[in-house]
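To keep things clear, I will list the structure first and then write my remarks on it.
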Amino acid sequence: MRARQGSRDARRTRGFEAFAAGASGRLLHTATLLTAEPSDGNPHARRLLTLALAHTYAHWDRLRGEDPYDRARRHLATRFARGAWHRHGGILGGLTRSRRRPAGPLAALAPQERLILVLRLHEGVAEEQTAALLGLPVERVHTVCDRATATVLHPPAARPAPPVTGVRAATP
């Protein structure tokens with residue numbers, strides 16, 4: 001009995017290790033885009049990846065034909081959304097900007113915009129699936145994705161400081 005259990009555990013471990021070796025790079029890139037960290041310094045993205053892989057491993061025996069990459073990606077996205085909610089007061093209810101200034105390629109976007117843009121364009125998740133995952137109407141996902149794409153393609157120009165009025169220049 002123990003030999004069979006040990007064999008099953010070894011097979012499970014080998015299967016998960018093969019999955020993790022193949023999927024970790026893409027999942028880390030996805031997490032790095034979500035956190036808007038630079039690719040050479042991404043501790044939050046690495047933590048998200050570790051949690052997603054741990055969750056996937058914990059449910060490995062129960063996947064039953066489900067794609068493990070899809071399971072890990074969903075956990076990554078929901079973990080990011082939950083973390084942004086707790087840190088910033090809500091990702092899905094109107095959060096506009098993160099308090100810390102991320103430095104990655106999607107730094108100009110709010111967390112909700114990053115999440116939707118990464119799921120839709122980088123990961124290729126359908127609008128309906130993204131909406132279901134985030135609990136949003138499909139129209140909202142479409143609108144946010146369009147707005148985020150426009151922001152990335154055409155970043156807002158820095159506004160010049162308004163002229164100071166009512167101050168006289170000192171005369172010699």
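Please treat every number below as a calculation from the coordinates, not as lab data. All of these numbers come straight from a predicted model, not from anything done at the bench. FYI the Cβ positions are ideal-geometry reconstructions off the backbone, even for glycines, and counts take in every protein chain you see.
Size descriptors for region 11-74: radius of gyration and Dmax over Cα atoms are 12.0, 36 Å. Taking the average, over residues, of other Cβ atoms within 10 Å as the packing measure, peptides 33-46, 14-27 rank 33-46, 14-27 from highest down.
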